[in-house]
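Please read the structure below before turning to the comments.
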Amino acid sequence: MPRASRADLSSFASKVAQHLPGDWSSDYLSHPTYPDQFPRAEYIWDMAMVQGAVSTYVLDHDAILTGPDGTRLYVIDRPLHPDQFLVAAFAPDELKETYFWSNATPHGIAVSNNPARAAHQITRRLLPRYEQAVARTEPPFLEHAAEHDVHANDQSQAAKPWPIIPDLGLSPMDYRIGGYVPATDQTHDDLRHLVLYDEYFAVRAAYHSPDERHSFWLLFDRLATYDAPGTAEYVTLHLTRDLEARTFDFRLARHPLIPLAQNWLIREGCPTQPALQSHQDRPPPADAITTRLEEQLRSNAGDRYELVDHYTAGSPDDGIQVRALLHDRHPDSESAPYRLILEETPPSLRTYTLRELPFISAAQADAWAGHRHRTRPAEPAPAPRASRREQPEPSRVSPQTPGAPRAPVTPCRPSTTPPLSGRRSTT
C-alpha cells in the first residue's frame, strides 16, 4: 500500500471510523495557526506519545472519532513517521476535571497507515485499555477526589502523576555532555528527538570509559508497548566525546532480544562484563538450552547471524513473546539457513525460555509463525536433574517435519517502526 501523505488524514480518519465496531463518525479540522491545535486536544487522556506530540510539534490538522456511548478518539499525524498516525482517547466528560489525578491513564498508540489495520489495532489495544481506565475511575474515585479537593488544592510537582508503566529500575539518563556541543546539526536534531522520550528508559546496563571518551547504555523502552505493533523494546546507545574539540556524537539501535543488544554494545567497544550486567534485573533463564542459545547469539562468532525481521507481542498480563528471524551463515546451516528465535516469558514473569527453529526460507518461517495457534506462553516445567554427561541439546524443529507446532505470535511482518531517531544501525 502506498504511504499515506500528511494530506490524507481526513480520508484516513473517515475510513478508520468505517472499520471500527459500532457506529462511528469522523470530524476533521485543519489548524490555520499553531494555537488552534490546543482547544481540540485539551482533554486527551494520555501522558506519553500523543501528549508529547501535541505539546512539541506544530500539527496542521487533526480528526476526532466519536463512537458508541460517547467514546471519542483523537487522531493526528505521527511526527517524524510519515507512514504512521497517533490515536488517543479523550477523558469522559465526568472525568475532565480529575483524570490527571487518576492512576488509570490509558495512553494513546501509534497505528499503521492502513485504515483497516489501524482500526484493528485500536479495537484490540486502545479501546480495551480505555474501558478498563473508565471502570477504574467510577464514582468512588470521583467522590474521593472531591472530598480531598485534589484538583483544586494540590498543584505541587509531587502530586503530578506519571504514566502507569511497571517500575523496571528506571534511572535518570545522564549523558555526561555538560560543556560539550553536538558534533553536527544532525546530532543536535537526533538528541532533541531522543530526550523527548528518554524519561521512559529503564537503564539495564551502563558503562563510562575511564578517559570519558565513551559511554554505553542498554535501555528498556517502557513506551514500546504503546508504539506501533511489534516494536522492539531494547535500545542500545553509544555516545562518544571529543575531549579536545568539546563535541559529542552518538549511535543507537533497537533490538528484540537482550543477547543481540549485548552483541551490539560489545562490537561498539563496550567491555563485556558491563554489557552482561543487564541480566541482573531480569527473571532467570528457564534452562540450559536458553542459556546456551543466548551465549551463542551474544558472541555471534564470525558474524554468523544477521537479523532479518523481528516482532514483539504480549503484555505482563498475557506473557511476552518475541520473534527474531536470523539468517545463519554457518556452513552447517546451508540446508536451512534461516533461524527463528522464539523468546517466551509467561505471565508470572518468573522465568523465560529461548528456542531456535530452522527453516529453509524466510517465507517458510513467516508462514509457520502466521499459522501458529494463539496461546499464552507455557510455564516451564521443572527440569529433572541431569548428569554432566546428559546435558540437553537445543530442541529444533525440522523444516520438513509436518507436525511442527503452529503457532501464538502474530504474523511476522517487517517492523513498522525504524530505530529511534539517531545513528541508525542494524544488529
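The values are calculated or read from the model by the stated rules, or taken from the named source; none is laboratory data. Note that the structure is a prediction, hence the values are computed from the model and not measured. Accessible surface is based on the protein model in full, side chains and every heavy atom, while ligands, DNA and RNA are left aside. Shrake-Rupley method; radii C 1.70, N 1.55, O 1.52, S 1.80 Å.
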Output ³J(HN,Hα) for the stretch 291-298: one whole-Hz value per residue in order, computed from phi by the Karplus curve 6.51 cos²θ - 1.76 cosθ + 1.60 with θ = phi - 60°, and x for Gly and Pro. 4, 5, 5, 4, 4, 5, 5, 5
Which Rg and Dmax, in Å, describe the Cα atoms of the stretch 13-129? 13.2, 35
List, in order, the whole-Hz ³J(HN,Hα) value for each residue of the stretch 25-32 obtained from phi through the Karplus relation with A = 6.51, B = -1.76, C = 1.60 and θ = phi - 60°; use x for Gly and Pro. 10, 10, 10, 9, 8, 8, 10, x
Give me, ordered by chain and number, the residues 5 or more places off Ala48 or on other chains with an amide H under 5 Å from its own placed amide H. Gly108
Using a 1.4 angstrom probe on heavy atoms only, work out the carbon and sulfur share of the accessible area of the stretch 234-322 in %. 48
Sequence-distant or interchain residues sharing an amide H contact under 5 Å with His310, placed H: which? Leu325, Ser415
Give me the 1.4 Å probe accessible area per residue for the stretch 174-320, excluding ligands and nucleic acids, in Å². 41
